[in-house]
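Asker: The structure's right below; bear with me while I get my questions together.
All of the numbers you see were taken from the coordinates with simple rules; none came from a lab. Keep in mind it's a predicted model, so treat the numbers as computed, not measured. All Cβ positions, even for glycine, are placed from backbone atoms using ideal geometry, and neighbour counts span all protein chains on display.
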Amino acid sequence: METAIGVFASRDNAEGAVKELRERGVPEDSIVFLTRSENEAKKMAKEFGAYVGGFVGGAAGMTTGVVAATLLLPGIGTVFALGFGAAALLGLAGAGAGASASSAAVNDENAPQPTTGEKSSEDIAFFREVLKEGRSLIVVRTESQDLATSACATLDRLGIGMQGQTPIKMQTATRQVGAVTVVDITGRITLGEGNVILREIIRDLAEKGKKSVVLNLGEVQYMDSSGVGELVKAHTTTKSHGGHLKLANLNKRVHDLLEMTKLSTIFDIQKDETSAIKSFGSSS
């Protein structure tokens, strides 16, 4: 499953992204839009091919598989969600503690509903924190490489806004410094290249019980929206295995990207490798 993430401060850019994703053939059931603005949610619903007459206690005429819901999240407040799987993305599948869905409507009652074990719930912390910072999110999840490529092209330009891709392909080297595993990464983290390599490395480290991991990103010059999604996966995979992931040596370009997307509020970012290793404490 490929994941591409676009983080938006501008409603116009988010609206344009949803429209373009639809025009590129990305199906509705692969797109989720999350926002804290009811006006923005209503606007987006039209791009999904739906008109929402009122989220709380209102009726909604939706196209097949598209869900509109008002979600009350502890510590955040009201979040408006559009798209199949939105509840699972926020960890509400199976009713998360203290969270509730005040209103939901779906045109096709036979459409599959998210379940507690859905994979997307790994990224709960990321989605909640970004929403808390006032940003809106578009998340595309698909098994299709072609659709993922189309989605990345749109979200790269209108979402993360990181242009000027480096021609250097991703390369990695893994080394051990005491109890800490350092992964040196150079080049680019992009769909079909770096994202798959990084996913396999993190999965292998987790399976081997490596719980203290540093990603040295000093030579990473470019990440697309799939690369952003893969960093989130790396963080959540390590955490789910009882470990901790830290980022080190970020150049200005990557640092600014993480600040803009508010990923900087999720990751433990250290100035350099030495600081990252020391921050693990005596266990390192």
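Asker: Bin width 5 Å, alpha-carbon pairs only: give the P(r) of the stretch 171-283 as whole percents, running from 0 to the bin holding the largest distance.
Answerer: Pair shares across the bins are 2, 12, 25, 28, 21, 9, 2, 0.
Asker: Would you list D272, D204, D29 from fewest to most Cβ contacts within 10 Å?
Answerer: Lowest count first: D204, D272, D29.
Asker: Suppose each label sits 7 Å from its Cα in the direction of the beta carbon; what would the N251-S10 distance come out to in nanometres?
Answerer: About 2.5 nm separates the two model spin labels.
Asker: Here's another thing I want to ask about it. Can you compute the modelled spin-label distance between S240 and S144, with each label point 7 Å from Cα toward Cβ, in nm?
Answerer: Roughly 2.5 nm, to one decimal.
Asker: Tell me, R24, R141 in order of fewest to most beta-carbon neighbours within 10 Å?
Answerer: R24, R141
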